[in-house]
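The values are calculated or read from the model by the stated rules, or taken from the named source; none is laboratory data. Because the structure is a prediction, the values reported are computed rather than measured. No Cβ is skipped: glycine too gets one built from the backbone with ideal geometry, and neighbour counts run over all protein chains shown.
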Amino acid sequence: MNRIAQITELKDSLSLDELASRFSPLTVKNMTMSAEEVLERSIASRASLDLFLKHGHMERMFHFPQLLSLFLLDQLLRTGKMNVSEGEGLLQVLETHGLNNFEKNSCLYFIRKMGVPFFFIVLEDSEVYFDEETHTVAQLQLQPYAERLTAIVNGRSFEEGNGEGKTNG
């Protein structure tokens, strides 16, 4: 629904080609960016980029799924919901299971049970239930983050608070 509302709002200010490039998953698959560009466009902080590189991403150019992983890492670190060691767990899950799921209606969950962090991705719309000792730290829909990152990469502003997900204290 957020996507439809965004298209409706933008239809008068953007051409059909611009709308298509903004919302098309095919467009983002071809995006690449250097580490310097990541910092220049404020996609991630230096600390997040260093953690990402330390985790084994030593390529000189990052493709969109890697940029999305870096963007999500930075967002969770900036909010203080996740620490650096938990960030490594996030990167492992995104690398193993999530790099291509940004096109689908998928959701990244970050939970803690008895202080132990867990990350997982749920594809499609599904209800997820936990026991009462499990705390949901963050529940992030991947598609809005992918759209927001696409807008940043393309040099356009993108509104905050577009249903990206929930974070809990």
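Tabulated results
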item	result
Set Leu76, Leu67, Leu49, Leu108: member being out of contact with any Phe, Trp or Tyr (no Cβ under 6 Å at 6 or more places or on another chain), surrounded by 22 or more Cβ atoms within 10 Å (Cβ to Cβ) and farther than 30 Å from Asp131 by Cβ	Leu67
Pair list, Cβ under 7 Å, 6 or more apart: the range 112-140 residue free of Cβ contacts under 8 Å to residues at least 24 places away in the same chain and assigned to a strand (DSSP E or B), other residue aromatic (Phe, Trp, Tyr) and surrounded by 15 or more Cβ atoms within 10 Å (Cβ to Cβ)	Val122/Tyr109
Subset of the range 54-80 (residues that are among the acidic types (Asp, Glu) and either in a loop (DSSP other than H, G, I, E, B) or in contact with a Pro (Cβ under 9 Å, 6 or more places away or on another chain) (or both))	Glu59
Where Glu36 falls short, out of the listed (1) modelled with pLDDT of 90 or more; (2) of a type outside the set (Lys, Arg); (3) assigned to a helix (DSSP H, G or I); (4) surrounded by 14 or more Cβ atoms within 10 Å (Cβ to Cβ)	(4)
Lone unmet requirement of (1) part of a helix (DSSP H, G or I); (2) modelled with pLDDT of 90 or more for His97	(2)
Single unsatisfied condition, Val84 versus (1) at pLDDT 90 or above; (2) of a type in the set (A, V, I, L, M, F, W, C); (3) crowded, with 20+ Cβ neighbours inside 10 Å; (4) under 25 Å from Met33 (Cβ atoms)	(3)
